[in-house]
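Participant: Just dropping this structure here.
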Amino acid sequence: MVHYLEQRKSRLPYRILSGFVAFTFMFSMVTPPTPLYAQNTSQTILNLPPPGEMVRLSDGYAPAVIKALTINPQNPLQFDFIVDTGDSKLKGEALKDESNKLIKYFLASLTVPDEDMWVNLSPYEKGRIIPEGFGVTEMGRDLLAQDYILKQMMASLIYPEDDLGKEFWARVYKKA
């Protein structure tokens, strides 16, 4: 086996592959991977609607939530989470994935300082979107996505050419 590998090392494809692997490794050390921040993911990972697209209200929905947790008296760092599936009625692997996400939210809320747990998509404060420590968490990314959807939904609801928007702007102009 060793003799076979020694013969392969002298061939051109092996050398090219080895050179590519070495180049990739050295390049990754020079330019470390960029951390995933929530503000960079709106169109790629989260599948959010593009800016300017009308967003309509959906029916009411109760998502899966952590209802309670139990602590083991012999090991106080061991938690058991009680998850209510809500309207989703998740089972099996899907329930496990959703539960893991909720547990990550819980742990992020314990570890991220209260003053850093905010998101801001204000066009007037483009440099203040999310604190760096919170931006690398799944919770921070998802809260930014929810803020984006909320702002897009509100803009859709007060769109002046729809009935609700016409009524809203008529009241605004009347008060102004």
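Participant: Against the conditions (1) loosely packed, with under 14 Cβ neighbours inside 10 Å; (2) out of contact with any strand residue (DSSP E or B) (no Cβ under 6 Å at 6 or more places or on another chain), where does Leu90 fall short? Just the number, please.
Facilitator: Here Leu90 clears every test but (1).
Participant: Residue under question is Lys67, and the condition is that it be modelled with pLDDT of 90 or more, farther than 22 Å from Asn47 by Cβ, basic (Lys, Arg) and surrounded by fewer than 12 Cβ atoms within 10 Å (Cβ to Cβ); does it hold?
Facilitator: yes
Participant: Failed condition for Pro113, given (1) surrounded by fewer than 17 Cβ atoms within 10 Å (Cβ to Cβ); (2) modelled with pLDDT under 90, with all others met?
Facilitator: Status for Pro113: all satisfied but (2).
The values are calculated or read from the model by the stated rules, or taken from the named source; none is laboratory data. Here the structure is a predicted model, which is why all the values come from computation and not from measurement. Counting neighbours? That spans all protein chains shown, and the Cβs are built from the backbone with ideal geometry, glycine included.
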